[in-house]
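What follows is a set of notes on a single structure, which appears directly below.
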Amino acid sequence: MREILSVKAFAELPLFANELTFSGNRPKAHFPYTSRDCARCANCQVTHFKRFPGRSTIYVGDRLSDICPALAADLVFAKDSLAEYLGSRGVAFQPFASLGTVADFLIGRHGAATAWRREPRRTRAGAAAQALADEHPDWDLQFGAGVASMPAYSGAIASSARLRVWVDGAYRTADLGTFSIDSGSLTIDPELRWDFVDSLDLGLGVLLGYRSGRGDSSPGFASANGGSARLSGLPNISGAIDVGVVGHFAVFGVPLFALVRLAVSGPQGTLLNVGVYLPLPLDAAVELTVLPTVTWANGREMRAFYGLTAEQSTTTGFAAYSPSAGWENAQTRHAPSAWK
């Protein structure tokens with residue numbers, strides 16, 4: 001948005017937008033402008049009107065999520081579901097087909113002067129009109145627990161119910177970037193991260209993390225490691241501390257992300273995760289987020305989890321196998337990221 005406004009010579013206009021940051025390969029939404037007294041909107045636009053007391057307000061909208069600011073504004077341009085709502089309640093508005101229509105109206109080609117000089121409407125927008133602190137919160141914290149059906153170990157078909165506990169948080173500073181804790185996901189292991197470059201279009205940081213291991217017995221409900229009795233005779237793979245680099249950048253507005261993690265202890269090796277964040281609007285009310293990700297592993301990592309020496313083959317009955325570096329897995333996650 002800043003880049004678009006600067007191109008149009010509006011770089012100094014105040015911008016009050018929600019934020020999207022990345023925690024490994026997971027996008028995280030931040031809502032610094034929610035209302036303390038009303039949970040209807042993720043960005044309380046009525047609050048922004050109150051930042052400019054004594055000014056006449058204009059609002060342009062097309063969705064039911066625009067109801068609160070539409071009821072509070074002095075002049076409303078509406079279409080689609082917002083126009084239907086306002087019309088059904090006898091609320092005055094100007095219909096529009098495109099923003100070009102709005103621009104023409106405001107420069108006086110369609111009687112804007114008469115409409116704009118009318119007495120401003122004082123319709124209350126309910127609790128959504130309550131004031132909110134101007135500053136962005138500089139930290140957030142999420143924690144919880146659940147039960148997931150997970151593969152017994154990497155590459156296994158068998159699965160079992162496992163306890164999952166997560167603590168995710170971020171502390172944003174003015175000059176030093178963002179410090180985060182991330183409990184991980186299906187393809188990303190837990191990590192502590194410092195993103196010293198942290199913006200919507202570009203990010204770069206370093207991490208310190210932990211990777212779980214694998215044993216020769218089935219994992220318990222609260223176990224962090226995978227395993228199976230089928231692997232009896234194979235060496236256990238211990239958990240590993242790792243370090244890495246993480247970054248993201250936008251290409252034509254589409255965020256791409258990547259991270260490299262190098263184990264500094266134990267038999268595990270190096271992993272590279274690459275993915276893309278694709279928000280897909282299905283209609284005016286629902287947006288689906290698709291997150292395709294692929295993981296590459298070096299030879300050390302592949303041999304640790306999938307290789308068998310001749311001696312191990314004799315002991316276990318599995319064929320000897322010495323894999324080289326290659327793509328370890330690919331996955332797609334999806335979830336509704338907006339439901340209005």
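The values are calculated or read from the model by the stated rules, or taken from the named source; none is laboratory data. Nothing here was measured: the structure is a model prediction, and the numbers come from that model. No Cβ is skipped: glycine too gets one built from the backbone with ideal geometry, and neighbour counts run over all protein chains shown.
General remarks:
- Leading residue by the ranking (modelled with the lowest pLDDT) among those in region 153-189 that are among the small types (Gly, Ala, Ser) and under 16 Å from the mean Cα position of the chain (by Cα): SER185
- The residue that is farthest from LEU106 (Cα to Cα), among those in region 39-57 that are touching an Asp or Glu at 6+ places or on another chain (Cβ under 8 Å) and loosely packed, with under 15 Cβ neighbours inside 10 Å, is ARG51.
- Flag if ARG300 is at pLDDT 95 or above and farther than 25 Å from ASP201 by Cβ: yes
- Condition check for SER265: more than 30 Å from THR178 (Cα to Cα) and either of a type outside the set (A, V, I, L, M) or modelled with pLDDT of 90 or more (or both): no
- Residues located in region 51-73, provided they are over 11 Å from ALA83 (Cβ atoms), of a type outside the set (Ser, Thr, Tyr) and part of a loop (DSSP other than H, G, I, E, B): ARG51, PHE52, PRO53, GLY54, ARG55, ALA73
- Odd one out for ARG36 among (1) modelled with pLDDT of 85 or more; (2) not in a helix (DSSP H, G or I): (1)
- Whenever a residue of region 68-80 is buried (at least 23 other Cβ atoms within 10 Å of the Cβ), its partners that are of a type in the set (Asp, Glu) and part of a helix (DSSP H, G or I), lying with C-beta atoms within less than 9 angstrom and at least six residues away or across chains, give the pairs VAL76/ASP66; ALA78/ASP66; ALA78/GLU84.
- Residue that is surrounded by the most Cβ atoms within 10 Å (Cβ to Cβ), among those in region 237-279 that are outside any strand (DSSP E or B) and free of Cβ contacts under 8 Å to residues at least 12 places away in the same chain: GLY253
- Strands (runs of 3 or more DSSP E) wholly inside region 137-223 that include at least 2 residues being of a type in the set (Gly, Ala, Ser) and touching a strand residue (DSSP E or B) at 6+ places or on another chain (Cβ under 7 Å): 139-151, 159-172, 202-211
- Unmet criterion (only one of (1) closer than 25 Å to VAL165 by Cβ; (2) not in a strand (DSSP E or B)) for GLY233: (1)
Listed here are the residues, each with its yes/no results for (1) in contact with a helix residue (DSSP H, G or I) (Cβ under 8 Å, 6 or more places away or on another chain); (2) of a type in the set (Gly, Ala, Ser); (3) within 21 Å of LEU271 (Cβ to Cβ).
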position	(1), (2), (3)
VAL197	no, no, no
LEU208	no, no, yes
ALA222	no, yes, no
SER228	no, yes, no
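- Of residues in region 81-108 being free of Cβ contacts under 8 Å to residues at least 24 places away in the same chain, part of a helix (DSSP H, G or I) and not hydroxyl-bearing (Ser, Thr, Tyr), the one surrounded by the most Cβ atoms within 10 Å (Cβ to Cβ): LEU82
- Residues satisfying the stated conditions in region 315-340, i.e. loosely packed, with under 13 Cβ neighbours inside 10 Å, closer than 30 Å to LEU280 by Cα and at pLDDT 90 or above: TRP327
- Only one entry in LEU106, LEU82, LEU20 is in contact with a helix residue (DSSP H, G or I) (Cβ under 6 Å, 6 or more places away or on another chain), modelled with pLDDT under 80 and not hydroxyl-bearing (Ser, Thr, Tyr), namely LEU106.
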